[in-house]
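Structure first, commentary second.
Each value in this text was obtained by applying a stated rule to the coordinates, not by laboratory testing. Here the structure is a predicted model, which means the values were calculated and not measured. Please note: Cβ atoms are built from the backbone with ideal geometry, for glycine as well, and neighbour counts cover all protein chains shown.
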Amino acid sequence: MKFHLDTKTFTAPKAWGARDIAEIEGASVRLHWTDQPYVWHVNDGSEVFVVLDGTVEMHYRQVSTEKVGTEKGQRLGPGDIMAAKAGDEHVAHPVGPARILVVEKKGSV
């Protein structure tokens with residue numbers, strides 16, 4: 001084991017600041033700290049989003065049904081996981097400070 005990281009005390013100097021944890025077969029594993037929303041975006045690969053601490057409102061738009069563009073939301077708390085497929089438009093809005101583990105294609109936005 002190379003390092004131990006206390007996720008409960010991790011912070012960053014700015015919203016969505018991150019600590020690289022590992023790279024696994026072309027995927028990056030990063031711990032993010034934030035207290036501000038991200039921006040609507042589309043990843044070029046799948047993304048797994050795990051809330052470790054705090055609460056996050058994840059908003060996403062339907063892309064694969066007859067209701068294309070319909071915005072939906074899900075409230076995520078510690079231990080909750082959400083996966084986005086390549087092309088899924090989404091945005092995370094933390095409710096106060098949050099720590100999130102993100103696994104995604106290396107270099108993805």
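Under a point-charge model restricted to the Cβ atoms of Lys and Arg (+1) and Asp and Glu (-1), what is the dipole moment magnitude of the chain relative to its Cα centre, in debye to the nearest 20?
Approximately 160 debye in magnitude.
With the calculation restricted to Cα positions, what are the radius of gyration and Dmax of the chain in angstrom?
In Å, with Rg to one decimal and Dmax whole: 13.9, 48.
Grab the chain and count how many Lys pairs have their alpha-carbon atoms under 19 Å apart, sequence gap of 8 or more, or different chains.
Counting lysine pairs in the chain gives 4.
Using the charge dipole of the chain (Lys, Arg: +1 at Cβ; Asp, Glu: -1 at Cβ; taken about the Cα centre), state which of Val91, Ser28, Thr7 has its Cα farthest towards the positive end.
Final value for the positive-end residue is Thr7.
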